[in-house]
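Peer 1: I'd like to ask some things about the structure below.
The values are calculated or read from the model by the stated rules, or taken from the named source; none is laboratory data. Everything numeric in this text was worked out from a predicted model, so none of it was measured. Here the Cβ is made from the backbone with ideal geometry for all residues, glycine too, and neighbour counts use every protein chain on show. Surface accessibility is based on the protein's heavy atoms, side chains included, excluding ligands, DNA and RNA. Shrake-Rupley method; radii C 1.70, N 1.55, O 1.52, S 1.80 Å.
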Amino acid sequence: MIHHWNKFNIWKEFAALFDLAADHLKQLRDSLVYLSFFQERIALWHEQNNRYNSDLKEFRQQAADLLEKLGKEHSKLRLDMEGAGARVDRVEREMDYIETKNPPKPCVKAADKMVEQDVVVKEKKKEDFFELSVCVNIVSSLKAMKILKRLGSPKGVWTKDARSAKVYIFNGTSDDMLYEFNSVRELSASSGVSKGRQITVPTAWNGTGLAVYDGFLYYISESSELQVIKYDLKNGSVADSAVLPMEDRSPVYQLNPETLVDLVADEDGLWALYPAGDTINLAKMDSNSLDIEQMWDTACPRNNAEAAFIVCGTVYVVYNTKPPSRSRVQCVFDVNDMVSSGEAPLIYFPRRYGAHSSLKYNTEERQLYAWDDGYQILYKLALKKKLWAIMPPPEE
């Protein structure tokens, strides 16, 4: 009996071991299934990764080829643009030449018009010739341009007293300070306006219509009345002042609305350009007493005017467009009626940065000191004799 019981226990243990082995085999089979699944996923991942690497390599090659092609096209476009720029410059020079040789009829007002066909004038007394001006030059062209530097605000004035080497900087369109430099060379070497000698005037100057003449600064001060202030730059004091009899507070130049009156100095002294309706008027002033000696209506329109300068009693009004393009002289007025419509120049300034905020003529150097969008520019003028100075009118 005991023998049979032991046998039964052995079979029972054997059955348990068999069940355990079966469970392990099942788990092993499941593990093999999972392993096979993971192997398939790993193989798929490797396949996709290889494909992505292949696609990325192909994309990089295509991008490199495209960049190389773009680089070649950019170089070609740059060469084309340089060629086009050279052609445009050549066309502009040809246009300047044509405009110089065949200028349109400018706006010239003269009491006695010269007959253009045979250059015959109406009878006029010789003594009337030099009634106001003993200078007989007229501007024929611009000889050269020099950009000195860029200093200060977009608008301002720089000028040089013809009787000395000193240069003056007026930064902006309204202030009570100006800066004095001993020479153009010193200004060119300076890093800013603060390097110059600072001068403070008693009342603020307004606009860009300033003039430095024979050691004095002449400027416009705006209050309830328009005043011309004469300031002694050497002594640092106001030498004189006068009220301008002007009711119109419109700008003298439409494109420079800050300037109501433009004070100008030339070989014959001090002048004032001011608005009168739609045109620009001219007044001759006594530089000592500030009295107005004589007045003219130039008939030059204010519309699209940006600045003006005077040489030997002849006014040259400079015009532009908005937005700025090429400045040009297209209205000329001579106080002695010594400039005929045929000889009045139509001068084009080189293309620059913006529009002139001021043009100041230096009689000794025959140069214009120009302020253009913060740049200080010098224009060298070519002058010639007025035709009436070469061919005086007949005596009575």
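Peer 1: Determine whether A265 is buried (at least 19 other Cβ atoms within 10 Å of the Cβ), over 24 Å from the mean Cα position of the chain (by Cα) and in contact (Cβ under 8 Å) with a residue 12 or more places away in the chain.
Peer 2: Considered against the rule, which asks whether it is buried (at least 19 other Cβ atoms within 10 Å of the Cβ), over 24 Å from the mean Cα position of the chain (by Cα) and in contact (Cβ under 8 Å) with a residue 12 or more places away in the chain, A265 comes out as yes.
Peer 1: Follow-up. What about T203, is it touching a residue at least 24 places away in the same chain (Cβ under 8 Å), open to solvent by less than 20 Å² (accessible area, probe 1.4 Å) and among the polar types (S, T, N, Q)?
Peer 2: It is false that T203 is touching a residue at least 24 places away in the same chain (Cβ under 8 Å), open to solvent by less than 20 Å² (accessible area, probe 1.4 Å) and among the polar types (S, T, N, Q).
Peer 1: Just one of (1) open to solvent by 30 Å² or more (accessible area, probe 1.4 Å); (2) touching a residue at least 40 places away in the same chain (Cβ under 8 Å); (3) under 23 Å from A382 (Cα atoms) trips up T159, so point out which.
Peer 2: Here T159 meets the rest and fails (1).
Peer 1: Follow-up. Going through the stretch 371-381 one residue at a time, which ones are touching a residue at least 24 places away in the same chain (Cβ under 8 Å) and open to solvent by less than 20 Å² (accessible area, probe 1.4 Å)?
Peer 2: W371, G374, Q376, I377, L378, Y379, L381
Peer 1: Could you please give the count of residues in the stretch 270-323 that are open to solvent by less than 30 Å² (accessible area, probe 1.4 Å), part of a strand (DSSP E or B) and among the polar types (S, T, N, Q)?
Peer 2: Number of matching residues: 3.
Peer 1: Kindly indicate whether any position in the stretch 107-122 is within 21 Å of the chain's Cα centre (by Cα), at pLDDT below 95 and open to solvent by 50 Å² or more (accessible area, probe 1.4 Å).
Peer 2: The answer is no, given that none of the residues of the stretch 107-122 is within 21 Å of the chain's Cα centre (by Cα), at pLDDT below 95 and open to solvent by 50 Å² or more (accessible area, probe 1.4 Å).
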